Each structure stands twice: as structure tokens, then as C-alpha cells.
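A.B. asks: The structure is given below, and queries will be raised subsequently.
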Amino acid sequence: MSITARRRPADHGWFTSSRSNNGNQCVEVRFEGDAVQIRDSKFRRNPMNRGLDEPIITVPASVWNAFLDCLLAQRPHPSLTTQHAADGATTLRHGSTALHFTPAEWDAFVAGVRDDEFACV
């Protein structure tokens, strides 16, 4: 179960932006030691994904914080990349792992980034 971000300590598990749709469809983040994990909340609810390994992006906290800075400055990050489709959907990619977000999901995430909800503290 995910919770809404409010600059909590790292031991609170997965969380979403306070702008998300009650955690139903969103970018989910978890601080795990010196790493940050990112997943797509839709994956687990899709019956077609039963039995499949859930795609999770894991990066060092330093990469995550640099990514957030790049996102706010509207600059590309060298290893945590985003691709925006014409319809507003966004794919977040790290290595061979790709997460796909709807326009509303990505907009809620970016709003949370602007509100400083995702910084590793």
C-alpha cells in the first residue's frame, strides 16, 4: 500500500505525490538505504501482469537528486531519461527498465517534485 509523500523519513515505504489520484495511478517512490526505487502503480492492478516481475528502477540517491534537479530545470539527465509522447504520456527509463506514465500521472509527479516532496533527506 502506498502513502502520500510529505517529506517523511526513508523507512515509510512507497509513497506518491500529494497531487496524485489517491495513489491509484501514479509514480511511486521508495527510499531504500542509499538507493531510490521507482515503480508504476498501475502494474500490480493489471491482470495481464500476474506472475510477471514488476519493473522497478533503482538508482543511487545522488542520481535521483540530480534527476530531480534536471527535471525542474527542464534538462535531460544522462542516465535516468524521460521520453515524452505527443499525447503527453511519459516513459521513464534507466538502462533496460522502462516505466510508462499517463499525462496525469506524470503531471502529478512533476508537481510533487516542484513541491519538494521527493528529495532524499
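A.B. asks: How about the stretch 46-91: which of its residues are more than 17 Å from the chain's Cα centre (by Cα) and farther than 22 Å from A111 by Cα?
C.D. replies: N46, P47, M48, N49, R50, G51, L52, D53
A.B. asks: What pairs can you find where one residue is in the stretch 26-55 and of a type in the set (K, R), the other is part of a strand (DSSP E or B), and their Cβ atoms are less than 7 Å apart, with a gap of 6+ or different chains?
C.D. replies: R30/Q37; R39/E28; R39/L99
A.B. asks: A further question on this structure: Considering each residue of the stretch 75-100, count those that are within 19 Å of I56 (Cβ to Cβ) and out of contact with any Cys (no Cβ under 6 Å at 6 or more places or on another chain), and give that number.
C.D. replies: Within the stretch 75-100, residues that are within 19 Å of I56 (Cβ to Cβ) and out of contact with any Cys (no Cβ under 6 Å at 6 or more places or on another chain) number 16.
Every read-out reported here was derived from the displayed coordinates using simple, explicitly stated rules and does not represent laboratory data. These figures come from a predicted structure and were not determined experimentally. In this analysis, Cβ positions are derived from the backbone assuming ideal geometry, glycine residues included, and neighbour counts consider all displayed protein chains.
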